[in-house]
Amino acid sequence: MCHDGNITTMDFKCNMLEYLIMSHFDIIQFILFVVISFGLIKIIFDSYQNISKGRWSLDYIAFAAMGVSLLSGEFLAGAVIAIMFTGGEALEAFASRRAVGALKKLSETIPKNCLVRRGSAFVEVPIQDVRPGEKIIVKPNEIIALDGIIVSPSEAILNMSNLTGEAEALILKVGTFVKSGAINIGGTVELSVVGDFSSSTYHKIAELVEVARANPSRTVRISEKANYYFTAISFFIAALVYLLTGEISRLLAVLVIATPCPLIIAAPVAFVGGMSKVARSGIILRKPAAFESVATSKTIFFDKTGTLTLGVPVLHEIETIDSAVSSQEALSFAASLEINSLHPLGKAIVEKASERHIKFSIAEDVSEKIGVGISGTVNGNNYSLRRAADGDSGIILSLFEKELSGVEKEITRFHFRDMLKTGAAEFILDLKNKGIKSVVITGDKTENSKKVFAGFGIDVYAEKSPEDKYRFVEEAEKNGQAVIMIGDGLNDAPALALATVGVVFSGTENGASIEAADVVVLGSGIEKLQELFSVSERTVRIAKQSIYGGIILSVVGMSFAALGFIAPVNGAILQEVVDVAVILNALRTLI
């Protein structure tokens, strides 16, 4: 009351003001109560989810602090804790949703329909509805959606690197069985479907991916490790204070300051900052916690073709057979012929001639037989280019000149190889120096693989199927260590999904691989892998600084609260100061 005695106009106004203030206070208290209740329900729900998955690093302190705040009527302190608890999780969930949204755009290249011959016309039909024996056509640069036998009159040129890792295209004749997942890099191909979608090679690989994603590897995050020790210390101090003083207010002050907001929010902020930094370079993380595994893993499996190598045949040696024709002249003659061809080896010859600034004319009377070779007239002389008879590796082309007598004479040999990407050798050696084990698993031929990695001193397993790659990763993860798989093709998808962290190059925009991976690298440069590892190490280092720095400050604050120098609400404010310091430090990952 404002005055005793008779009620005056002034007294009435004071009473109304007091009533309004008290009513307003009750509303605020109710709102704070609801916030705390929501926080408690969220912790109970999350705890149930974690325990069902065998995870015991729970938010015990936050739960105890909110519970004590309700019992003691210190609603403001409890509400602050509830807001910080839900805010940290929401931040990490937001980052993950953004990453998944970006990845969905990349996965749209998965074949969903194909053109089926129905009567005299071709009709677009979902691949699940195509029946065995039906004829489908595959246009240039399309992925073959179903297994089948080639029935088109001309031979097919297919890029099989998605399935086998081989850089060189295969030329397949009529009647040859073709697995789904290969890419048609020649003209339009007609296939007679064998089996259906459920039995196709592509679907079997996709199923293996789903099995791996349904059984993800378990890693203990740095915040979980810190939480075990911090929780034990905090409860020990809180219990000791209550036993010695019996003051619930002092107990609450200790618990409020002990609430592990640095543990809850430091890592998400640091990881979101790191995600933003690498995203500017075209590296997308599906889950922020992938930073931890990338930074701490001691085992990395690499695919070869398209991952560490260029993935296309490159002309690396010109062998002179006839000394009368220089290597430069031979390259000019060969480029004059191959400028008319779509074959990958022909493109490699033209690219090398352009790279060396060699001028060449366009051949006349050009004749190309797929699987045999190409011939034509260059500056009045007849030349032909075809696979060397003794080129058992399939990457040697011979250039012949037809003499006046009509006899062909071999004048030059062109040797091709799938070459390492720029920086790949340095990257592997750098990993080796850091004590990280690198293993190459490829579907390519053993001979080709050994040539590429000769002198590296790393394990290379060649001619391996997608199932083999899956088993390599599965075996490596049995010891509980984080395992990274880096690839780019459909044949890598099962291993990418099973690995602790799957990293995929999206240069081919292979949908199945992108869906399976945790990290997608837009492009194909090794420098992006280097940046991923570098930023991961720095991000985890800053996250640890924020977590343990916040813990130290919290322990100091708890000590003062235990001695009675800090009230619960002041403790909540002090905890916010600690949180701000932690967040500012974690935000350094953006730079």
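Side notes on the structure shown:
- From the list Ser336, Ser361, Ser375, the one residue that fits, being free of Cβ contacts under 8 Å to residues at least 40 places away in the same chain, in contact with a strand residue (DSSP E or B) (Cβ under 8 Å, 6 or more places away or on another chain) and crowded, with 20+ Cβ neighbours inside 10 Å, is Ser375.
- Taking each residue of the stretch 230-254 that is touching a residue at least 40 places away in the same chain (Cβ under 8 Å) and looking for partners that are of a type in the set (S, T, N, Q) and outside any helix (DSSP H, G or I) with beta-carbon atoms closer than 9 Å, six or more apart or interchain, yields Thr231/Ser57; Ser234/Thr259.
- Just one of (1) of a type outside the set (Val, Ile, Thr); (2) within 30 Å of Ile441 (Cβ to Cβ); (3) at pLDDT below 90; (4) not in a helix (DSSP H, G or I) fails for Leu315. It is (3).
- Note on the stretch 403-420: residues that are at pLDDT below 85 and of a type in the set (Lys, Arg) total 1.
- Evaluation of Ser281 against (1) surrounded by 23 or more Cβ atoms within 10 Å (Cβ to Cβ); (2) in a loop (DSSP other than H, G, I, E, B) (one fails), failing number: (1)
- Condition check for Thr442: within 14 Å of Thr309 (Cβ to Cβ), crowded, with 22+ Cβ neighbours inside 10 Å, under 22 Å from the mean Cα position of the chain (by Cα) and of a type outside the set (A, V, I, L, M, F, W, C): yes
- Any hit, the stretch 552-562, residues being over 31 Å from the mean Cα position of the chain (by Cα), buried (at least 22 other Cβ atoms within 10 Å of the Cβ), modelled with pLDDT under 85 and small (Gly, Ala, Ser): no
- Residue match in the stretch 391-399 (condition: at pLDDT 80 or above and either in a helix (DSSP H, G or I) or of a type in the set (Val, Ile, Thr) (or both)): no
- Here Gly423 meets the list (1) modelled with pLDDT of 90 or more; (2) under 20 Å from Lys450 (Cα atoms); (3) loosely packed, with under 13 Cβ neighbours inside 10 Å almost entirely, failing just condition (3).
Yes/no matrix, rows are residues, columns are (1) in the same structural domain as Ile144 (by TED's automatic domain parsing); (2) among the hydrophobic types (A, V, I, L, M, F, W, C); (3) assigned to a helix (DSSP H, G or I):
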| site | (1), (2), (3) |
| --- | --- |
| Gly523 | no, no, no |
| Ile542 | no, yes, yes |
| Tyr548 | no, no, yes |
| Ile552 | no, yes, yes |
| Met558 | no, yes, yes |
| Ala561 | no, yes, yes |
| Val577 | no, yes, yes |
| Val580 | no, yes, yes |
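- The condition of being under 28 Å from the mean Cα position of the chain (by Cα), over 23 Å from Phe236 (Cα atoms) and not assigned by TED's automatic domain parsing to the domain that holds Glu475 holds for only one of Ala516, Ala499, Ala495, Ala586, that being Ala586.
- Hits in the stretch 411-436 (condition: under 15 Å from Asp459 (Cα atoms) and either part of a helix (DSSP H, G or I) or small (Gly, Ala, Ser) (or both)): Ala425, Ile428, Leu429, Leu431, Lys432, Gly435
- Glu351 vs. criteria modelled with pLDDT of 90 or more and not in a helix (DSSP H, G or I): no
- Summed over the stretch 339-357, the residues that are buried (at least 16 other Cβ atoms within 10 Å of the Cβ) and either farther than 27 Å from Leu172 by Cα or in contact with a Gly (Cβ under 6 Å, 6 or more places away or on another chain) (or both) give a count of 1.
- Among the conditions (1) modelled with pLDDT of 75 or more; (2) small (Gly, Ala, Ser); (3) outside the structural domain of Asp579 (by TED's automatic domain parsing), the only one that Gly246 does not satisfy is (3).
The values are calculated or read from the model by the stated rules, or taken from the named source; none is laboratory data. Here the structure is a predicted model, which is why all the values come from computation and not from measurement. A quick note on method: Cβ atoms are made from the backbone with ideal geometry, for glycine too, and the neighbour counts reach across all protein chains shown.
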